[in-house]
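Here's the structure, in structure tokens; my notes come after.
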Amino acid sequence: MLLNGNVIIGWASHCDNQPYHGWVMSYNETSLKQVGVWNSSPNGGLAGVWQSGTGLASDGTDVFLATGNGTYDGPKGGDDFGDSIVKLAPLTGNRFQLLDFFTPYNQGSLSSADEDVGSGGVLLLPDQGAGAPHRYLALQVGKEGSIYLMDRTHMGHYNPNNNNQIVQDLENAIGGLWSSPSWWNNNVYLGGSDDYLRLYTFDSTTGLLSPTAVSQSQTFFGYPGPTVSISANGDSDAIAWVLQTDDYGSGSATLHAFDATNLTTELYNSSMNSSRDNPGGAVKFTVPTIANGKVYVPAVDTLSVFGLLQGK
């Protein structure tokens with residue numbers, strides 16, 4: 001993530017090879033000199049900052065991220081924050097300072113079962129109006145598939161009994177997330193693993209998500225599930241683009257385009273004419289990028305560019 005002149009990167013391990021810690025490291029964008037660090041488990045281990053390749057998030061000042069399985073002693077005043085969503089203050093000297101955090105009540109069992117909270121990226125919702133119940137919100141989903149909606153100014157810390165201290169907790173709502181939530185026009189898109197692509201609506205009056213998905217794709221996605229990229233003409237003509245990479249390592253990716261207001265309607269997929277439109281070998285955690293009327297799709301040793309079909 002590029003923020004205020006610094007490139008800020010989250011680190012974990014390769015395939016959980018131990019020993020390791022979760023790290024956040026910051027580098028000056030011009031000199032590439034390291035200017036700051038944060039360790040998620042200085043007195044323990046693991047708690048990687050990996051988020052399935054999703055970058056860190058920021059409101060322009062503070063940094064938000066999620067960690068994976070590892071040591072946790074936050075309620076005891078410690079510095080180890082496995083399976084948590086954390087908020088870091090801007091650099092002081094060469095260190096990030098922990099400002100706030102939320103840890104699910106079942107952190108211990110999540111860690112034991114390899115159900116990383118930090119398998120998904122953190123989504124910061126657009127700032128709400130002055131009369132909103134919660135003006136500043138963050139959303140995150142991990143391997144368990146529970147949707148956590150938090151107030152970014154009071155994230156909730158840890159409650160050993162339940163998650164009632166956060167704005168909304170939808171337990172086991174979707175297949176686990178190895179991707180990032182996406183937002184468009186008060187809609188939240190979640191591409192769970194071994195699940196359908198799902199759309200939840202956000203009510204700006206109540207400050208809550210719909211308790212269940214209001215729309216879902218007819219296409220079923222295996223592991224790892226997709227991250228949605230949206231193209232739109234302002235508040236209309238929105239298309240939800242996703243890459244299906246179930247066959248990573250052995251088969252081709254498939255680019256899908258869905259009506260962003262009704263995911264049951266598939267507008268296009270690259271398998272409709274695979275001899276012409278095959279984007280190449282699937283790579284997990286990849287995301288379609290939309291710019292200048294084209295969709296850019298990364299694949300094995302290949303970058304494919306999709307646009308309006310010219311001629312026959």
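The values are calculated or read from the model by the stated rules, or taken from the named source; none is laboratory data. Predicted model, so just to flag it, every value in this text is computed and none were measured. As a convention, Cβ positions derive from the backbone with ideal geometry for all residues, glycine included, and neighbour counts pool all protein chains shown.
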Condition broken by SER270, with the remaining ones in (1) in contact with a Leu (Cβ under 6 Å, 6 or more places away or on another chain); (2) hydroxyl-bearing (Ser, Thr, Tyr); (3) exposed (fewer than 11 other Cβ atoms within 10 Å of the Cβ) satisfied
(3)
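Tell me which residues, restricted to the stretch 24-66, are of a type in the set (Ser, Thr, Tyr) and without any contact (Cβ under 8 Å) to a residue 60 or more places away in the chain.
The initial filter retains those residues of the stretch 24-66 that are of a type in the set (Ser, Thr, Tyr), namely 26-27, 30-31, 40-41, 52, 54, 58, 61.
Scanning the stretch 24-66 gives TYR27, THR30, SER31, SER40, SER41, THR61.
Given the criterion within 30 Å of ILE166 (Cα to Cα) and over 23 Å from the mean Cα position of the chain (by Cα), identify the matching residue among THR227, THR205, THR261.
On the way: THR227 fails: over 23 Å from the mean Cα position of the chain (by Cα); THR261 fails: over 23 Å from the mean Cα position of the chain (by Cα).
Every option except THR205 fails the conditions.
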When residues of the stretch 209-254 are filtered for being not aromatic (Phe, Trp, Tyr) and not in a strand (DSSP E or B), how many remain?
20
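Before we move on, is GLY82 crowded, with 20+ Cβ neighbours inside 10 Å, among the small types (Gly, Ala, Ser) and modelled with pLDDT of 95 or more?
On the way: crowded, with 20+ Cβ neighbours inside 10 Å: yes; among the small types (Gly, Ala, Ser): yes; modelled with pLDDT of 95 or more: yes.
Judged against the criteria, GLY82 is a match.
Restricted to the stretch 284-295, and to residues that are in contact (Cβ under 8 Å) with a residue 24 or more places away in the chain and either among the charged types (D, E, K, R) or surrounded by fewer than 17 Cβ atoms within 10 Å (Cβ to Cβ) (or both), which residue is farthest from SER52 (Cα to Cα)? Before you say what the answer is, go through the steps one by one.
Residues of the stretch 284-295 in contact (Cβ under 8 Å) with a residue 24 or more places away in the chain: 284-290, 295.
Keeping just the survivors that are either among the charged types (D, E, K, R) or surrounded by fewer than 17 Cβ atoms within 10 Å (Cβ to Cβ) (or both) gives 284, 289-290.
Numbers: LYS284: 9, THR289: 17, ILE290: 20 Å.
Out of the qualifying residues, it is ILE290.
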Within the stretch 27-64, count every residue that is part of a strand (DSSP E or B) and under 23 Å from the mean Cα position of the chain (by Cα).
9
Do we find a residue being surrounded by fewer than 19 Cβ atoms within 10 Å (Cβ to Cβ) and in contact with a Phe, Trp or Tyr (Cβ under 6 Å, 6 or more places away or on another chain) anywhere in the stretch 243-260?
no
Restricting to the stretch 65-114, what's the tally of residues that are out of contact with any Gly (no Cβ under 7 Å at 6 or more places or on another chain), of a type in the set (Ser, Thr, Tyr) and assigned to a strand (DSSP E or B)?
1
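For (1) free of Cβ contacts under 8 Å to residues at least 24 places away in the same chain; (2) closer than 14 Å to ASN269 by Cα, each residue gets a yes or a no:
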residue	(1), (2)
GLY207	no, no
SER210	yes, no
SER215	no, no
GLY222	no, no
GLY225	no, no
ILE230	no, no
GLY234	yes, no
ALA240	no, yes
Looking at (1) under 30 Å from VAL297 (Cα atoms); (2) out of contact with any strand residue (DSSP E or B) (no Cβ under 9 Å at 6 or more places or on another chain), which is the only condition LEU199 fails?
(2)
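Would you mind finding the one in ASP116, ASP73, ASP100, ASP80 that is in the same structural domain as ASN17 (by TED's automatic domain parsing) and under 18 Å from the mean Cα position of the chain (by Cα)? So that I can check it myself, show each step before the final result.
Values: ASP73 fails: under 18 Å from the mean Cα position of the chain (by Cα); ASP100 fails: under 18 Å from the mean Cα position of the chain (by Cα); ASP80 fails: under 18 Å from the mean Cα position of the chain (by Cα).
When all the criteria are applied, what remains is ASP116.
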